[in-house]
Amino acid sequence: MELTKEKIKEKALELGFSSCGFAEAGVLETENAFFHNYLQEKRNAAMHYLERNPEKRLDPRLVFEGTRTVIGLLLNYFPSEALPEKDNFIISKDAYGRDYHIVVKERANALISFMKETDANVNAKAYVDSGPVLEKAWARMCGIGWTGKNTLVINPSRGSFHFIAIILTDLLLEPDAPETDHCGNCTRCMDACPTGALEKPFVLNPSLCIAYLTIELKEGIPENLEGKLNGRVYGCDACQDVCPYNRFAIPHELPELLPSETLKSFRKDDWLNLTEDQFNLMFKESSIRRIGYKKLMNNIRSASGSTEIN
Ligand code: SF4
Ligand code: SF4
């Protein structure tokens, strides 16, 4: 059986991906100036890993030897029901279920296995939030979404609640047309951002972004921003919830991404009294475990204004 892009796409959809597209590997010319300005203006905040290997980030052929094609994949995580917000702290929808790094990587690797079974000469490697790969830029190049003013990848028919996986391969496949910007005059995400982190269209100041503050920032949340958390203790979906393209979001059907019964039953008091043992058990397979118990409890303290947490 010949390995065509149609067969790869068909298999990707069978594996649960919602979109699959292809791009010719090369230097990301459009992102070149933007990325260097981004670093120069220190907009990466404490994400210093972004300063390493900038030339690799702009050219995937330097990341995985022999790369000729980039495959972009989206995995939908939009839930059929949001966790209750009343008398509760809020976590972002991407953290409801099992750690997406694992869920998405497993599927991307299954797609690579299929490619290798079909053509034993194929070499390929998957990246999910790992390696120096500009995932959002490649999603655009693969025609599966554009980067909206909220700096997230939006698929015109599916919205933005999806994880991204990128596969680099030496297989030569016909590229799809890159996606174009469909934000138009809309500014809903910028208007809805509680902290003003979207300073300009397509420009995010991570030092003000609740997702960055509650997940990436190692230190405590600055006091002047605590009042803006509105109960958010892990991530923030405010700029996605208002995006008109998410009106088309279809709930996912992946059991691994569903919240546990314990998480569904959790309310403020449960979070406030969460012990480290409970945390380890409850978030054993969740991306929330990556920030650690102390950081989560500090976030809860910041979000609640309470100082009574151990
Ligand atoms: S994630 Fe929240 S804080 Fe960050 S830009 Fe979006 S709305 Fe603003
Ligand atoms: S809310 Fe509007 S401006 Fe923001 S990403 Fe969505 S479409 Fe673009």
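The values are calculated or read from the model by the stated rules, or taken from the named source; none is laboratory data. Everything numeric here is computed off the predicted structure, so don't read it as measured data. Reconstructed Cβ throughout: ideal geometry from the backbone, glycine too, with neighbour counts over all protein chains shown.
General remarks:
- Single residue of the stretch 200-215 satisfying the filter (touching a strand residue (DSSP E or B) at 6+ places or on another chain (Cβ under 9 Å) and in a loop (DSSP other than H, G, I, E, B)) that is nearest to ligand 1 (Cβ to nearest atom): CYS209
- A count restricted to the stretch 18-68 and to residues that are among the polar types (S, T, N, Q) and closer than 28 Å to GLU6 by Cα stands at 4.
- Residue check for LEU111: outside any helix (DSSP H, G or I), farther than 25 Å from ILE215 by Cβ and in contact with a Lys or Arg (Cβ under 7 Å, 6 or more places away or on another chain): no
- Residue pairs whose Cβ atoms lie under 6 Å apart, sitting 6 or more positions apart in sequence or on different chains, and linking a residue in the stretch 213-239 that is touching a residue at least 12 places away in the same chain (Cβ under 8 Å) and under 22 Å from ALA249 (Cβ atoms) to a partner that is polar (S, T, N, Q) and not in a loop (DSSP other than H, G, I, E, B), are TYR234/THR214.
- A single entry from GLU199, GLU226 fulfils the requirement of being out of contact with any Leu (no Cβ under 9 Å at 6 or more places or on another chain), more than 27 Å from GLY131 (Cβ to Cβ), away from ligand 2 (no atom under 11 Å from the Cβ) and of a type in the set (Asp, Glu): GLU226.
- Flag for LEU217 being away from ligand 2 (no atom under 14 Å from the Cβ) and at pLDDT 95 or above: no
Residue-by-condition table, conditions (1) within 14 Å of ligand 2 (Cβ to nearest atom); (2) surrounded by fewer than 18 Cβ atoms within 10 Å (Cβ to Cβ); (3) touching a residue at least 12 places away in the same chain (Cβ under 8 Å):
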{"position": "LEU172", "(1), (2), (3)": "no, yes, yes"}
{"position": "ALA177", "(1), (2), (3)": "no, yes, yes"}
{"position": "GLY184", "(1), (2), (3)": "yes, yes, no"}
{"position": "THR187", "(1), (2), (3)": "yes, yes, yes"}
{"position": "ASP191", "(1), (2), (3)": "yes, yes, yes"}
{"position": "LEU204", "(1), (2), (3)": "yes, no, yes"}
{"position": "CYS209", "(1), (2), (3)": "no, no, yes"}
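- Any hit, the stretch 167-189, residues being in contact with a helix residue (DSSP H, G or I) (Cβ under 6 Å, 6 or more places away or on another chain) and modelled with pLDDT under 95: no
- Output for the stretch 232-260, where each listed residue is surrounded by fewer than 19 Cβ atoms within 10 Å (Cβ to Cβ), more than 9 Å from ligand 1 (Cβ to nearest atom) and of a type in the set (A, V, I, L, M, F, W, C): PHE248, ILE250, LEU254, LEU258
- Selection status of ASN150, in contact with a strand residue (DSSP E or B) (Cβ under 9 Å, 6 or more places away or on another chain) and surrounded by fewer than 18 Cβ atoms within 10 Å (Cβ to Cβ): no
- Put simply, of LYS284, LYS218, LYS228, LYS264 the only residue that is basic (Lys, Arg), within 30 Å of GLU14 (Cα to Cα) and either part of a loop (DSSP other than H, G, I, E, B) or within 16 Å of ligand 1 (Cβ to nearest atom) (or both) is LYS284.
- Residue match in the stretch 161-179 (condition: within 16 Å of ligand 1 (Cβ to nearest atom), within 22 Å of ARG43 (Cβ to Cβ), part of a loop (DSSP other than H, G, I, E, B) and under 17 Å from the mean Cα position of the chain (by Cα)): no
- Considering the stretch 232-258, the residues that are charged (D, E, K, R) and within 14 Å of ligand 2 (Cβ to nearest atom) include one that is farthest from TYR96 (Cα to Cα), namely ARG247.
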